[in-house]
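Heads up, the thing below is written out as structure tokens.
Read-outs: derived from the displayed coordinates by stated rules, not from any lab. Keep in mind that what you see is a predicted model, and the values were worked out from it rather than measured. Note that each Cβ is placed from the backbone with ideal geometry, even for glycine, and that neighbours are counted across all protein chains shown.
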Amino acid sequence: MELHWRVADADVRSLVWGFVERRDAVQQGAAFHFPMAYPHLQVTLEGGYRVDPDLLPSPIPRGALWGSSFRTRLGRPDGKVRAFVAAFTFEGAALLLGGPPRLAAGHIVDMEALPSPAAAALVERIVEASCFELRVRIVEDFFRSLSRAAAPRPSDARILRLSSAIATDACAGPVREIARAAGLSERTLYNRIQAEIGCGPKHLLRLARLHRLLRTLHPSPLGGRPSIDPLLEFADQAHMHREFVALTGVKPSAFASSKAKSGDGLFHSVLAGSL
């Protein structure tokens with residue numbers, strides 16, 4: 001497997017924060033895709049992909065917005081896959097959707113079904129681009145254009161920024177402290193985050209901690225290890241094990257062993273046949 005990745009330029013990082021391109025040398029088997037807090041765009045450059053169960057009865061569209069996911073999914077490649085991924089903040093997803101990111105939560109949305117015709121054109125330009133860096137530049141310029149547009153923004157920008165900060169480890173701590181810092185009651189914070197992204201702050205914090213844990217347990221994760229050690233966030237090893245299995249359906253030792261054998265740096269998925 002060949003991987004390219006980099007963070008977005010600073011001026012657009014509030015909307016899109018990172019990019020990955022994966023190219024399989026051989027056809028891979030089915031893989032478990034773990035819950036992921038933040039939405040992302042996936043453009044399939046070669047091959048195809050299906051996801052079970054019943055999210056889509058047909059192959060995933062070539063250009064698809066994967067909303068925040070709250071459960072493990074099983075994916076099956078059709079042929080050798082080459083895919084480009086852009087990871088969005090919740091603010092970026094709201095701009096793309098023309099509404100709150102909860103509209104895509106738990107779903108895989110065809111970019112051609114989005115209100116803006118520019119979304120479908122974006123996929124075509126990404127597919128036609130000659131290299132990873134050019135694809136990155138196309139997406140960054142697209143979001144620069146969106147951020148300059150004078151169109152009304154129906155979502156709660158403050159709550160979206162806070163949700164993105166939680167998902168990317170810039171904000172952590174008990175919900176009551178986050179609510180207090182935001183000048184809100186816990187119930188109000190819960191209702192406003194739920195209305196915007198499709199899950200409450202406590203579950204979002206759990207998903208962010210899972211991301212940190214995946215990067216900590218992985219022998220050589222793409223992008224390196226987190227600055228916060230998630231193992232210190234659990235009462236003991238048994239607590240960590242239960243939480244990992246509850247969110248992923250996979251044992252942490254099996255995940256780490258599979259990644260050590262495969263050598264791939266991806267940490268949000270694992271080959272099902274290796275478990």
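Placing +1 on the Cβ of every Lys and Arg and -1 on the Cβ of every Asp and Glu, with nothing else charged, gives segment 63-174 a dipole about its Cα centre of roughly 220 debye. Note that segment 134-247 carries a Kirkwood radius of 16.3 Å, evaluated over its alpha carbons pair by pair. Dividing the helix sum by the residues of the chain, where each DSSP H run of 4 or more adds -39500 (n - 2.57), gives a mean residue ellipticity at 222 nm of -12000 deg cm²/dmol. The share of alpha-carbon pairs in segment 2-148 lying farther apart than 19 Å comes to 49%. Pairwise Cα distances in the chain exceed 23 Å for 53 percent of all pairs. Of Trp17, Trp66, the sequence from fewest to most neighbouring Cβ atoms within 10 angstrom is Trp17, Trp66.
Sorted on the mean count of surrounding Cβ atoms within 10 Å across their residues, most packed first, peptides 117-128, 38-49 read 38-49, 117-128. Legend: ranking of residues Thr168, Thr89, Thr248 from fewest to most surrounding C-beta atoms inside 10 Å; resulting order Thr168, Thr248, Thr89. Inter-part distance, segment 120-177 to segment 192-241, computed on C-alpha centroids, equals 21 Å.
The largest-to-smallest principal axis extents of the Cα set in segment 88-165 are 37, 24, 22 Å. For Lys80, the aspartates and glutamates whose Cα falls under 16 Å of its own Cα, not counting residues fewer than eight places away in the same chain, are Glu2, Glu21, Asp24, Glu46, Asp264. Dipole of the chain computed with +1 at Lys/Arg Cβ and -1 at Asp/Glu Cβ about the Cα centre; of Thr168, Phe143, Leu65, farthest Cα towards the positive end is Thr168. Of the trypsin sites (Lys or Arg not before Pro) found in segment 59-94, those that fall in a DSSP loop while having at most 11 other beta-carbon atoms within 10 Å are Arg71. Extension gain for Ser145 to Glu233 (0.36 nm times residue separation, less C-alpha to C-alpha distance): 27.7 nm.
Under the definition of Cα pairs under 8 Å and six or more residues apart, what whole-number percent is the relative contact order of the chain?
About 20 percent, as a whole number.
Structure remark: mean-square fluctuation, Gaussian network model of the chain, C-alpha springs under 10 Å; the largest value among Phe70, Phe255, Phe234 belongs to Phe234. The alpha-carbon of Lys202 sits under 23 angstrom from the alpha-carbons of these lysines, leaving out residues fewer than 8 places away in its chain: Lys251. Segment 78-98 and segment 1-57 have Cα centres separated by 7 Å.
Shown for Arg242, Arg23: other C-beta atoms within 10 Å of each C-beta, ranked fewest to most, produce the order Arg242, Arg23.
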